[in-house]
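Notes for the one structure printed next.
The values are calculated or read from the model by the stated rules, or taken from the named source; none is laboratory data. From a predicted model like this one, the values you see are computed outputs, not experimental measurements. Here the Cβ is made from the backbone with ideal geometry for all residues, glycine too, and neighbour counts use every protein chain on show. Ligands, DNA and RNA are stripped out before the accessible areas are found, and what is left, the full protein with its side chains, is counted by its heavy atoms. Shrake-Rupley method; radii C 1.70, N 1.55, O 1.52, S 1.80 Å.
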Amino acid sequence: MGIFTYENEVATSIPPVKFFKAFILDADQLYPKIVPSHPQTEVLEGDGGPGTIKKISFSHGGNVISIKHRIDVVDEATLTYKYTVLEGEMFSENIEQISKEITVTAGPDGGSVLKSVATYHTKGDYQINEEKVKAGEEKGLALLKAAENYLLANPTEYN
């Protein structure tokens with residue numbers, strides 16, 4: 001099995017606890033309000049904490065694509081969220097699973113820094129296309145910026 005890791009770090013002007021609450025804990029309710037084309041999320045099993053399995057469906061080129069992921073860690077004390085993508089159309093016969101860890105820490109001037117580490121577990125010596133991974137991460141960055149803009153426009157939410 002091969003392992004490919006992609007790390008990303010993004011600063012935001014929103015304080016860490018507020019950003020974690022909005023971007024992570026309330027994502028399923030927040031994103032449909034601010035991004036009309038945001039994927040539909042369905043909880044298949046669990047209560048939103050560790051062990052919860054979600055199905056996320058979105059349109060791509062006229063087709064509905066879905067993934068299932070399991071929440072592994074939700075730690076409000078350390079502002080850490082971990083999940084594992086279990087299955088989906090994005091998997092080829094060469095990818096076993098994808099895990100992701102997101103941590104929010106204090107940043108400059110009262111803002112925060114969101115660090116994400118995505119780990120791709122591949123079969124055999126398969127090599128991940130880094131450009132495709134970057135393109136997917138850019139979509140996540142667009143969601144992050146949409147959340148930041150929403151929170152700046154609605155400063156009393158998530159206090």
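Quick notes on this structure:
- Here residue 13 and residue 123 are evaluated by their C-beta separation; at R0 = 30 Å the FRET efficiency comes out at 0.10.
- Heavy-atom accessible surface of the chain: percent carbon and sulfur, 1.4 Å: 50 percent
- Between 0 and 90°, nearest 10: helix 130-153 axis offset from the chain longest Cα axis: 20 degrees
- For residue 86, distant residues with modelled amide H under 5 Å away: 68, 69, 70
- Scanning the chain for GluC sites (Glu not before Pro) lying in DSSP loops with no more than 12 further Cβ atoms inside 10 Å, the longest uninterrupted stretch between such sites is 1-75.
- Mean separation of Cα contacts under 8 Å, 6 or more apart, over the residue count of the chain: relative contact order %: 30 percent
- Dipole magnitude of the chain about its Cα centre (Cβ charges: Lys, Arg +1; Asp, Glu -1), debye to nearest 20: 240 debye
- Å² per residue, accessible surface of the chain at 1.4 Å: 56 Å²
- Top of 81, 31, 126 by mean-square fluctuation, Gaussian network on the chain, Cα under 10 Å: 126
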